[in-house]
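Okay, so here's the structure we're looking at.
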Amino acid sequence: VRGLWAVRSVMLGESPVYSVQELVSKVLGPYLVIHFFLLPLPYLFLGHHRGVESLYFMNAIKNLFMAEILTNAHSFLIVVTNHAGDDMYRFKNSCRPYSGSFYLRQIIASVDFSMGNDYVDFFHGWLNYQIEHHLWPNLSMLSYQKSAPSVEAICNKHGVPYIKENVFLRLKKTTDIMVGKTSMR
């Protein structure tokens, strides 16, 4: 509900951050013009040169649009689902950075996905190591891969929940939160 209110307020010009004109001219406009007009523009000329007019141009736009949808779906799947579910915690109050409480929160408010080989990690964009990423945001992807077993062992030793689940199970839990079937802790 809060997200819908934010979208509605921006579209009606009630946002303290953007007016509708600024949203179109500074946020959406440049992106749409560059990605869906300038990038496929060479295909318009190529199609004209080959006698098929706008066929190449329209196919380029369709492909860019489908790529945009797939990229957004993939990003949603590997980012949002790491942080949502009835087993994830939300915090109303802040804590001191790099304190014990800070590190505990990073672990109990994040999830790792299946991991262990470079192919799985590649398709997850190495975001399957979300707990390790939240603990040490500046480490390399390989360091996350190497540190995950140690982090899991430390959590098990101290009784801290270290959640590692399949991405599609996490998607189900995220969807349950989105439709109001369950809620976060």
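List of remarks:
- Some residue of the range 146-158 being in the same structural domain as residue 103 (by TED's automatic domain parsing), closer than 19 Å to residue 79 by Cβ, assigned to a loop (DSSP other than H, G, I, E, B) and touching a residue at least 12 places away in the same chain (Cβ under 8 Å): no
- Any hit, the range 96-109, residues being touching a residue at least 12 places away in the same chain (Cβ under 8 Å), touching a helix residue (DSSP H, G or I) at 6+ places or on another chain (Cβ under 9 Å), of a type in the set (D, E, K, R) and closer than 24 Å to residue 73 by Cα: no
- Residues that are within 12 Å of residue 83 (Cα to Cα) and not β-branched (Val, Ile, Thr) were ranked within the range 167-185; the one that is surrounded by the fewest Cβ atoms within 10 Å (Cβ to Cβ) is 185.
- Residue, farthest from the chain's Cα centre (by Cα), within the range 90-102, restricted to residues that are loosely packed, with under 14 Cβ neighbours inside 10 Å and closer than 29 Å to residue 166 by Cβ: 91
- Residue in the range 89-130 that is modelled with the lowest pLDDT, counting only those that are under 20 Å from residue 145 (Cβ atoms), of a type in the set (Ser, Thr, Tyr) and not in a helix (DSSP H, G or I): 114
- Residues that are within 29 Å of the chain's Cα centre (by Cα) and touching a residue at least 12 places away in the same chain (Cβ under 8 Å) within the range 38-59 comprise 39, 40, 59, listed in sequence order.
The values are calculated or read from the model by the stated rules, or taken from the named source; none is laboratory data. None of the values given here were measured: they were computed from a predicted structure. So basically every Cβ, Gly included, is an ideal-geometry build from the backbone, and we count neighbours across all protein chains shown.
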